[in-house]
Amino acid sequence: MAYWNTRLKLGVLILGIFLILGFIVPLFDSGNPVEWGKFPKNLKPGAAHWLGTTSLGQDTFWLIAKSIQNSFIIGIIVAFFATLIGVLVGLWAGLKGGFLDRIITLMTDSFIVIPSLPILILLGSLSKGKASLMYIALVLIIFNWPWPARQIRAMALSLREREFIDTARFSGEGTFKIITKEIFPFVSGWSLANFINTVLVAITAESGLAIIGMSSNESATLGTMIYWANQHQAMLAGHWWWIGAPVVAKMFIFIALFLTMSGYQEYSALRRGKKLAAAN
């Protein structure tokens, strides 16, 4: 904690607020916030409805809480599996080298040069705008694992020449054990930073698809809230609370994730420097 900087503290604080709003607050609502016609339409913010109601008869506060939850869920799922696959594949390729390394490098380079957004739009069109969140998450995982794999591979190529790796090999440790026990601790900090960044990428991609109507707009996400607000011309009608809530939420979530990622990178660098100084 002694090395925590202002950016990391502020990022974790804002992120914690949104995680509470997305995962704790919805527990106090027994109904379905997506259901239409539950409340009078277009009510302004007040004591009964803190963020007013939508033109579809939904309570905006409970809807934004559920939308934040679903957006975080898809972001965390994509980030977890993309980072896990990328790190393991990158470490395996960098440590083993040879033909396996060339094949994996070819695969990662091929996926990296393919633009993911047009593919997502095409898949959304084929599903007639009814692509489920898990379907979108799967496609995002496929297109996001090559980035960490390529960068982790470069780290592994450097680490495999270290003496402690030779010692581990000569002592009879297998490749998987060397990866998880000897090499992963050196790249764990970078992996966490990549995880946070991928959460941001996934939320952005899903929101973009939802806004243009290419994902299932029956689920509550920050993107679908903006989609329905646009469909009912919330801005022109002066219903700023409907379209403003998800836009402001997205903005602060992005700021929180960026501050957390950059602050953690600074924190890790400072901690490594302190350890090296103490060792010398």
Q. In the stretch 65-102, which residues are open to solvent by less than 10 Å² (accessible area, probe 1.4 Å) and farther than 18 Å from Ile179 by Cα?
A. Ala65, Ser67, Ile68, Ser71, Phe72, Ile74, Gly75, Val78, Ala79
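From the list Met251, Met261, exactly one residue is open to solvent by 20 Å² or more (accessible area, probe 1.4 Å), free of Cβ contacts under 8 Å to residues at least 12 places away in the same chain and not acidic (Asp, Glu). Which is it?
Met251
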Q | Residue list for the stretch 228-248, filter: assigned to a helix (DSSP H, G or I), surrounded by fewer than 21 Cβ atoms within 10 Å (Cβ to Cβ) and without any contact (Cβ under 8 Å) to a residue 40 or more places away in the chain | A | Asn230, Gln231, Met235, Leu236, Trp240, Gly244, Val247, Val248
**Q.** Options Leu13, Leu51; residue that is open to solvent by 30 Å² or more (accessible area, probe 1.4 Å) and closer than 17 Å to Ala245 by Cβ
**A.** Leu51
Q. Do any helices (runs of 4 or more DSSP H) entirely within the stretch 119-213 hold 2 or more residues that are open to solvent by 40 Å² or more (accessible area, probe 1.4 Å) and among the charged types (D, E, K, R), and if so, which?
A. 146-159, 163-170
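Every residue, every condition in (1) of a type outside the set (A, V, I, L, M); (2) more than 26 Å from Leu209 (Cβ to Cβ); (3) in contact with a strand residue (DSSP E or B) (Cβ under 7 Å, 6 or more places away or on another chain), yes or no:
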residue	(1), (2), (3)
Ala79	no, no, no
Thr105	yes, yes, no
Gly124	yes, no, no
Gly172	yes, yes, no
Gly189	yes, yes, no
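The values are calculated or read from the model by the stated rules, or taken from the named source; none is laboratory data. Computed from a predicted structure; not experimentally measured. Cβ sites come from the backbone with ideal geometry, for glycine too, and all protein chains shown count toward neighbours. Only protein heavy atoms, including side chains, enter the accessible area calculation; ligands, DNA and RNA are left aside. Shrake-Rupley method; radii C 1.70, N 1.55, O 1.52, S 1.80 Å.
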